[in-house]
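So the structure is just underneath, and the comments pick up after that.
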Amino acid sequence: MRIPKINKAICPLALVAALNFVSIPSNAQNPERFFPARDLMTIGSYYYPEQWPRAQWERDLKKMAELGFEFTHFAEFAWAFIEPQEGKFDFKWLDEAVELAHKNGIKVIMCTSSPTPPAWLAQKHPEILMVNEEGRTMQHGSRQHISWSSPVYRQYVSKMVEAMAKHYANDKRIWGWQLDNEPSHYGQYDYSPAAQASFQKWLKNKYKSIDTLNKVWGTAFWSLVYDNFEQIRIPNQKELIAQPNPHAVLDYRRFSADEVTDFMGLQYNILRKYIPATQWITTNLMPDHAPVDPTRMTNLDFVTYTKYLVAGYDMGIGDQGFRKGSPTSIAFANDLFRSINGVTGVMELQPGQVNWGKFNPQTYPGVVRMWIWHAFAGGNKFVCNYRFRQPLTGGEQYHYGIIGPDGINPSTSGLEYIKVNKEMELLRKNYDAKAQMPADYKKRLTALLYSPDNRWETDNQPQTYQWNYLSH
Amino acid sequence: MRIPKINKAICPLALVAALNFVSIPSNAQNPERFFPARDLMTIGSYYYPEQWPRAQWERDLKKMAELGFEFTHFAEFAWAFIEPQEGKFDFKWLDEAVELAHKNGIKVIMCTSSPTPPAWLAQKHPEILMVNEEGRTMQHGSRQHISWSSPVYRQYVSKMVEAMAKHYANDKRIWGWQLDNEPSHYGQYDYSPAAQASFQKWLKNKYKSIDTLNKVWGTAFWSLVYDNFEQIRIPNQKELIAQPNPHAVLDYRRFSADEVTDFMGLQYNILRKYIPATQWITTNLMPDHAPVDPTRMTNLDFVTYTKYLVAGYDMGIGDQGFRKGSPTSIAFANDLFRSINGVTGVMELQPGQVNWGKFNPQTYPGVVRMWIWHAFAGGNKFVCNYRFRQPLTGGEQYHYGIIGPDGINPSTSGLEYIKVNKEMELLRKNYDAKAQMPADYKKRLTALLYSPDNRWETDNQPQTYQWNYLSH
Amino acid sequence: MRIPKINKAICPLALVAALNFVSIPSNAQNPERFFPARDLMTIGSYYYPEQWPRAQWERDLKKMAELGFEFTHFAEFAWAFIEPQEGKFDFKWLDEAVELAHKNGIKVIMCTSSPTPPAWLAQKHPEILMVNEEGRTMQHGSRQHISWSSPVYRQYVSKMVEAMAKHYANDKRIWGWQLDNEPSHYGQYDYSPAAQASFQKWLKNKYKSIDTLNKVWGTAFWSLVYDNFEQIRIPNQKELIAQPNPHAVLDYRRFSADEVTDFMGLQYNILRKYIPATQWITTNLMPDHAPVDPTRMTNLDFVTYTKYLVAGYDMGIGDQGFRKGSPTSIAFANDLFRSINGVTGVMELQPGQVNWGKFNPQTYPGVVRMWIWHAFAGGNKFVCNYRFRQPLTGGEQYHYGIIGPDGINPSTSGLEYIKVNKEMELLRKNYDAKAQMPADYKKRLTALLYSPDNRWETDNQPQTYQWNYLSH
């Protein structure tokens, strides 16, 4: 792979303009505010101190530094350890981990662990649980089983985030913050009573009068006509004999995306009251997941993405393409996310074989390194590898890390990260702040228009199942 | 397409004899009672005044007449406009539409809008809602979400039908009546408490004693033996570990078909008390939908069918066959429905692209015209196009009409209807009441035996999934 | 097919060693205790007196004897006839059938009919019903709809088994006993409140403290951490947004297999108090069904299996292989079951076409005979054909028997059984108790290691959907 001469500005191969302009105030950034150009792209790795014996933390974080990683990522799933009992917060263990990272020259991305409430919370307040399309109430036992619309859940999240914010206010060892983790319900939608009530409120706010809604939704057909907002349910094909109203579906998609944006804003506002302006706040989204709209999330400092290219669903190009992933997948993510608030990073990048795919191939030799350089070419300010150490027990047991479950031996794909860490060092040495992009490069401009509204609408009322605009 | 010389009798290419003889009294008809032979086949189109600004009704109905349509079809989804509040009936808007049709020489098929109860009804009486195989209670938000077995629903329907009957009694502008619309639950079955109770009653009526049922159903196997009718539930694979009793399944299919037949009979009897003998009463069925048995519906004046040939499921013949539909599909419908009470019509015929198919191709140029002539050759007394004007908002947004959403420009396939309207005028001029079918034509007789019982049984206990009798 | 020279010991083509050693006391057998070597392999057939007019029993059982069958199999689905009302037991009809069998020289396998509780039981105690993965409560209407964990159900089963045991204690006409029938829930799992409570108890018993469970399950990831055993639910993908904890899944599989083993033990212990040592107690398992682990069931005298090779799912070998079934399927069953307690039999072997397959082909001429000899070569002490007479009504209506629904004419495949019955007679005449297996045969040893734990784990966390260890 030829590495292009380094320039201050990333070549604008594509420029994504989001068509929907939401009313949420934008926090559009000058990338320099958080990420000095001379750093090019910083590389880090996820670590879960709560998953490993305390005696091994120091060895692991030292090793992380030795292998060239510059930051780590803590606590996005640690609520049960941060608040083991209601109202009793425990940061001692996390302080220790932060200090061990710092001691080894590793910056910390600190996370709010809202996607994984402790068992006691769902037990005490089952009304926080999400209800899926099938009418099943989700349960404690994996993650993201809660309703973003639940006022009770939001109250508990607010307290937890405030406790973290207060504890780590002005902590120089913290580089930036991540809210939640991949908020998306992994493609599922929420039909809980809390979501039903919140959707009605959203509609009331949008249409003001039920007559306006009836007119815009065309409810005259099939006698759908509503007398008041309280009669409206979230459109759900599983409880309807024929097709739901298409405008109801589209509005529900908009509502859902607004709801998670609002939930992120809630956490952002709490944190911002306490942390210094030099610390950034982001979240990590999956670029392809329809329930969340990254272009709406201009209420954070910027948004980042997570990307897994080899998991049995992406056929890539050529004979062994399923072990390489599709280049358009990562390129689309780069172009879409860079355009939002003017800066982005890759919060999770696959380190080799995963455990949750339809089938879980070994990544093709060299592709992990290729992806990292693709991320760099795409303008990302950092890349974080998910995860440093392969787990020995629990979820994601067979998911590769940079090093194996023994904490010592790197995985084959982990070695590719380590190689890039060294190459990055070399590149930085050759960084020339005054270098300019060649003029004929700079002239090349392409625009991709991407409208979440249109995507939702074509998903809901496709001309045919044989054609997919997003894939195109 | 060669149009055969016109004869009084339609050539009996096929003669469908339904094997099941139900005890419901037959209303077998002389076709001449409602449809003079000299009219050959009358062509009309659906219109939804409630979906369009009142200011456009006159222009639309005038246009309909100009394009050669002779009747229109009102109100099958208009309950919310007919009874906007419980007990407060409003026919003013409908009177106005009827008069505008009449003014333009267009006859009206008036419909009872039982498939689409207003929002207030389901809100006040959730016990009217259907429960599907998955145990989900269906909801307001599309159509046909109610249980035909619900006594409460039947009471509200009776009141609405009586109000319509009284209002339009002896109205000469009304050509005939349609009950409900495509009663079928679109292939789903009802497992609501109301249906459970009604099924037990049906069984009690059929078998008299539980011992007889136990013997006929062979309940000795697997200790199914029932002590009383109240122990019996509708057989539902989703709540059984192994296969349900096959006789229970067959009886449930018979019950379901009887239930909807009875629901039609209920409406028929109310209407007949008020309307003149010259006005006919029918309903429109989908020929392939198993939950309803057209051969049972001899309690109406006659039954009509609805037919959509190009919607991504019918591969037709040849390379572009999916844009033409299968000729056997329309021929089977003609032969089956003509044999019931001796007269039939096509209540809905596709006007071009639909919106609800697996994929929604454009109809092949000329096939819409071909279908209309197929309907004529098949002995139909009328063909009604669904729908006159493509909707601008709401359900079926991308479903073609004769004219586009602008109300002015005909669709490509609408032009084919218009062409046939002119051809029909010409044919009528050449009609010879004394013409006889050639003798060797008349001799050609074929019988198809079709037994709904056998169909339900082979659906339930097929020899193999690789073979389907109905398709054959 | 070449029939090998008869030896006392069956050639140990394969030796299956189950890896999991459970603490349940083993009843390892000397095969001679129940099955004299000189009998080689005994062949019998299922019969349901309760399904046929009493007047035909004598003719049917006489015919069974005439065709060469040596034992029959009664009552596994007859609870409603044994206890038609709560606490009122009726053995008169069964006594009569047993006597008619005995009169014709036919031994009886007597069964406890726990898989098919009478209608009155589920009506009185709906809390005994199983709840499936979808959250649906199973209902009366087929079989195995009850929860093995329900204390109420176990109480009723205990009473019924005790009544049978008392009634048939020391009855010489009874050859042996079968508990339940194919206990398995046919691949479904139980999520009822009774099962939830029993799973928590099982976990408490295994892990003693919640801290130990948290450590072993790796609940630190995703904040799953439990505060107490009562917070734990059976892992169910349908109520979780992401993957369940893999250790929870594995423990639940172990629990389920233990639960049915315990349920069998409960019945075994009641029976053993009453019946003579010469009568054996077994159950019949399906070798491929994951919810049950035959290697755990060492608390019975031995376990037997049921086998259906031609039902549209087993492609077999060659062009018409789907009509022959796979030889590895029957060989695996032989090797696995023979290794458990040292003796086994085939409790059900397909007699020709079945009715419940995806498609239901006719068995290839000669294969039914081949399977019986495969069973013999695999060391089975008996083979029981399912079923003697094809039913006229009720479940399994189109399932072949040895004879047709008329009770007179044998089916094509029934004729193959009859042929083997005669061949077996011939073989017995040539039996030489002193014959030895050739030395080089005896030297040939192969071991197959089969671990249910590993199977459950690879089912739950497969590397890929394209590979299956069990099929391999």
Residues of the stretch A:166-186 that turn out to be within 21 Å of A:L285 (Cβ to Cβ) and buried (at least 16 other Cβ atoms within 10 Å of the Cβ), as a count:
11
Qualifying residue in the stretch C:389-396 (condition: among the basic types (K, R) and modelled with pLDDT of 95 or more):
yes
B:M370: passes all of (1) in contact (Cβ under 8 Å) with a residue 40 or more places away in the chain; (2) under 20 Å from the mean Cα position of the chain (by Cα) but (2)
From (1) in contact (Cβ under 8 Å) with a residue 24 or more places away in the chain; (2) surrounded by fewer than 22 Cβ atoms within 10 Å (Cβ to Cβ); (3) within 14 Å of chain A (Cβ to nearest Cβ), pick out the condition that doesn't hold for C:F199.
(2)
Of the conditions (1) surrounded by 14 or more Cβ atoms within 10 Å (Cβ to Cβ); (2) part of a loop (DSSP other than H, G, I, E, B); (3) of a type outside the set (F, W, Y), the single one that C:Q436 does not satisfy is (1)
Take the stretch C:340-374 and flag every residue that is within 14 Å of chain B (Cβ to nearest Cβ), assigned to a loop (DSSP other than H, G, I, E, B) and either in contact with a strand residue (DSSP E or B) (Cβ under 9 Å, 6 or more places away or on another chain) or among the charged types (D, E, K, R) (or both).
C:G357, C:K358, C:N360, C:P361
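When you look at A:S471, is it more than 14 Å from every other protein chain (Cβ to nearest Cβ), in contact (Cβ under 8 Å) with a residue 24 or more places away in the chain and among the hydroxyl-bearing types (S, T, Y), yes or no? Write out each step before concluding.
Values: more than 14 Å from every other protein chain (Cβ to nearest Cβ): yes; in contact (Cβ under 8 Å) with a residue 24 or more places away in the chain: no; among the hydroxyl-bearing types (S, T, Y): yes.
No: the conditions fail for A:S471.
One line per residue, one yes/no per condition, for (1) surrounded by fewer than 22 Cβ atoms within 10 Å (Cβ to Cβ); (2) at pLDDT 95 or above; (3) among the β-branched types (V, I, T):
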residue: B:W93; (1), (2), (3): yes, yes, no
residue: B:T116; (1), (2), (3): no, yes, yes
residue: B:W120; (1), (2), (3): yes, yes, no
residue: B:Q123; (1), (2), (3): yes, yes, no
residue: B:M164; (1), (2), (3): no, yes, no
residue: B:Q188; (1), (2), (3): yes, yes, no
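Using the structure shown, decide if A:W120 is free of Cβ contacts under 8 Å to residues at least 40 places away in the same chain and not in a loop (DSSP other than H, G, I, E, B).
Here the answer is yes, as A:W120 does meet what is asked.
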Picking from A:Q267, A:Q243, the residue that is at the interface with chain B (Cβ under 10 Å from one of its Cβ atoms) and either closer than 30 Å to A:Y168 by Cα or in a loop (DSSP other than H, G, I, E, B) (or both) would be A:Q243
Of all residues in the stretch C:173-205, how many are assigned to a helix (DSSP H, G or I) and farther than 22 Å from C:E133 by Cβ?
2
I need every pair where a residue in the stretch C:207-230 that is under 20 Å from A:L121 (Cβ atoms) and within 7 Å of another protein chain (Cβ to nearest Cβ) has its Cβ under 7 Å from the Cβ of a residue that is assigned to a helix (DSSP H, G or I) and among the polar types (S, T, N, Q), sequence separation at least 6 or different chains.
C:A220/A:Q51; C:F221/A:Q51; C:V225/C:N214; C:Y226/C:N214
Quick check: is even one residue across the stretch C:254-276 touching a residue at least 24 places away in the same chain (Cβ under 8 Å), surrounded by 22 or more Cβ atoms within 10 Å (Cβ to Cβ) and touching a Lys or Arg at 6+ places or on another chain (Cβ under 6 Å)?
yes
For the stretch C:162-183, enumerate the residues that are among the polar types (S, T, N, Q) and under 28 Å from C:E259 (Cβ atoms).
C:Q178, C:N181
If you scan the stretch A:263-288, which residues turn out to be out of contact with any Phe, Trp or Tyr (no Cβ under 7 Å at 6 or more places or on another chain) and under 17 Å from A:S451 (Cβ atoms)?
A:D288
Would you mind finding the one in A:Y305, A:Y386, A:Y313 that is surrounded by fewer than 19 Cβ atoms within 10 Å (Cβ to Cβ) and aromatic (F, W, Y)?
A:Y313
Within the stretch A:141-153, the residues that are more than 7 Å from chain C (Cβ to nearest Cβ) and either in contact with a Cys (Cβ under 6 Å, 6 or more places away or on another chain) or assigned to a loop (DSSP other than H, G, I, E, B) (or both) are A:S147, A:W148, A:S149, A:S150
Hits in the stretch B:79-110 - residues which are within 12 Å of chain A (Cβ to nearest Cβ) and either more than 18 Å from B:R54 (Cα to Cα) or of a type in the set (K, R) (or both):
B:E83, B:Q85, B:E86
Which one of these is in contact (Cβ under 8 Å) with a residue 24 or more places away in the chain, within 14 Å of chain B (Cβ to nearest Cβ) and touching an Asp or Glu at 6+ places or on another chain (Cβ under 7 Å): A:N236, A:N132?
A:N236
Subset tally (residues that are of a type in the set (D, E), outside any loop (DSSP other than H, G, I, E, B) and out of contact with any helix residue (DSSP H, G or I) (no Cβ under 9 Å at 6 or more places or on another chain)) for the stretch C:45-101:
2
Whether any residue in the stretch A:393-416 is within 14 Å of chain C (Cβ to nearest Cβ), under 26 Å from A:Y313 (Cα atoms) and among the β-branched types (V, I, T) is what I want to check.
yes
Residue, surrounded by the most Cβ atoms within 10 Å (Cβ to Cβ), within the stretch C:134-146, restricted to residues that are small (G, A, S) and under 22 Å from B:Y226 (Cβ atoms)
C:G141
Expected single match for touching a helix residue (DSSP H, G or I) at 6+ places or on another chain (Cβ under 8 Å) and touching a residue at least 40 places away in the same chain (Cβ under 8 Å) among C:G379, C:G345 is C:G379
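The values are calculated or read from the model by the stated rules, or taken from the named source; none is laboratory data. A quick note: this is a predicted structure, and the numbers were derived from the prediction, not measured. Cβ sites come from the backbone with ideal geometry, for glycine too, and all protein chains shown count toward neighbours.
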